[in-house]
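K.L.:
This is the structure I have questions about; it appears just below.
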Amino acid sequence: MLRVTVPVRVLVRRLALAIAVLAVLHLLANFLEKGAGLHGGAIEPLVHYFSMDEEVNVPTWFTVILLASTGLVTGDLLHAEPDRGRRWAWGLIAFVLLYLSIDEMTSFHEHLGTSLEEHFRSIADLPFNGWIAFYGPLALVVAAIVVPLLWRLPRQFLRPMALAGVLYVAGAVGFEAIAGLLEDQGFDRATFVGQLAVLGEETLEMIAVLVFLVAVVRYRDVLDVELRPGRAGPADEVTTLHP
């Protein structure tokens, strides 16, 4: 089995730096195009490759890799977790993360939202995108299953995992709803203000996945130490990723 050992501080710094760079490039590209009104030349490819509102570009690739990697690392807990109930929780979370990586790559939720709005007037009249009406209840079901199973986790792991869930929902649903309200006020995604909402949504989602990833790999290291005493140093010094 492949093991990649990475100091957790290095993992956090490098991924956080990547998120920050992507955020700056998104702001720069959209400010030049939508704020300053510049078009053509190098502006168009800058927007295409680095705007978080575009598809099949660098931010999309980064998010897909981050979600898929976190899903695989979480799925590895199925083999290491001694508690049977928690294994169910890790399996469900891993499935959700891998599904989200596919969704991010294919934009399935956006197509679903458009279809729901076309077929259901009540959904079309909502002040946010239609996919929230479908994914929102599913998220509540997943939370209702996972939270009781993980409730007895040590608080040093449970707190960051819970924080990650809150941040992800705040980004995916909260900022999506804000974007819908801004659009009603004339600040759609074609405006720089609208792109600030996009930045908040995408950046919060990335940060949430990073927080969860760090908590999972630290927990995995603790399980390894319990199973094989003397194997590694403190969990905050060395983190071993298990694809």
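K.L.:
Scan segment 175-188 for residues that are out of contact with any Asp or Glu (no Cβ under 6 Å at 6 or more places or on another chain), open to solvent by 40 Å² or more (accessible area, probe 1.4 Å) and hydrophobic (A, V, I, L, M, F, W, C) and jot them down.
P.N.:
Listed by number, the residues that qualify are 178, 181, 182, 187.
K.L.:
Is it the case that residue 172 is in contact with a Lys or Arg (Cβ under 8 Å, 6 or more places away or on another chain), part of a helix (DSSP H, G or I), at pLDDT below 85 and open to solvent by less than 40 Å² (accessible area, probe 1.4 Å)?
P.N.:
no
K.L.:
Still on this structure: If you scan segment 54-83, which residues turn out to be small (Gly, Ala, Ser) and over 16 Å from residue 95 (Cβ atoms)?
P.N.:
80
K.L.:
Is at least one residue of segment 131-138 open to solvent by 30 Å² or more (accessible area, probe 1.4 Å), of a type outside the set (Ser, Thr, Tyr), modelled with pLDDT of 80 or more and in a helix (DSSP H, G or I)?
P.N.:
For segment 131-138, residues open to solvent by 30 Å² or more (accessible area, probe 1.4 Å), of a type outside the set (Ser, Thr, Tyr), modelled with pLDDT of 80 or more and in a helix (DSSP H, G or I): present.
K.L.:
Something else: Looking only at segment 194-219, count every residue that is without any contact (Cβ under 8 Å) to a residue 40 or more places away in the chain and crowded, with 24+ Cβ neighbours inside 10 Å and tell me the total.
P.N.:
Qualifying residue count, segment 194-219: 1.
K.L.:
For segment 175-200, name all the residues that are outside any loop (DSSP other than H, G, I, E, B) and of a type in the set (A, V, I, L, M, F, W, C).
P.N.:
Residues satisfying the conditions are 175, 177, 178, 179, 181, 182, 192, 193, 196, 197, 198, 199.
K.L.:
Mind checking which helices (runs of 4 or more DSSP H) fall wholly inside segment 1-101 and carry at least 3 residues that are open to solvent by less than 30 Å² (accessible area, probe 1.4 Å), more than 21 Å from residue 197 (Cα to Cα) and at pLDDT 90 or above?
P.N.:
In segment 1-101, 58-75 are the helices (runs of 4 or more DSSP H) which contain 3 or more residues that are open to solvent by less than 30 Å² (accessible area, probe 1.4 Å), more than 21 Å from residue 197 (Cα to Cα) and at pLDDT 90 or above.
K.L.:
Among the candidates 54, 33, which residue alone is touching a helix residue (DSSP H, G or I) at 6+ places or on another chain (Cβ under 7 Å) and free of Cβ contacts under 8 Å to residues at least 12 places away in the same chain?
P.N.:
Among 54, 33, only 54 is touching a helix residue (DSSP H, G or I) at 6+ places or on another chain (Cβ under 7 Å) and free of Cβ contacts under 8 Å to residues at least 12 places away in the same chain.
The values are calculated or read from the model by the stated rules, or taken from the named source; none is laboratory data. Every value quoted in this text rests on a predicted model; they were computed, and no experiment measured them. All Cβ positions, glycine included, derive from the backbone under ideal geometry; neighbour counts span all protein chains shown. Just the protein is used for accessible areas: all its heavy atoms, side chains included, with ligands, DNA and RNA removed. Shrake-Rupley method; radii C 1.70, N 1.55, O 1.52, S 1.80 Å.
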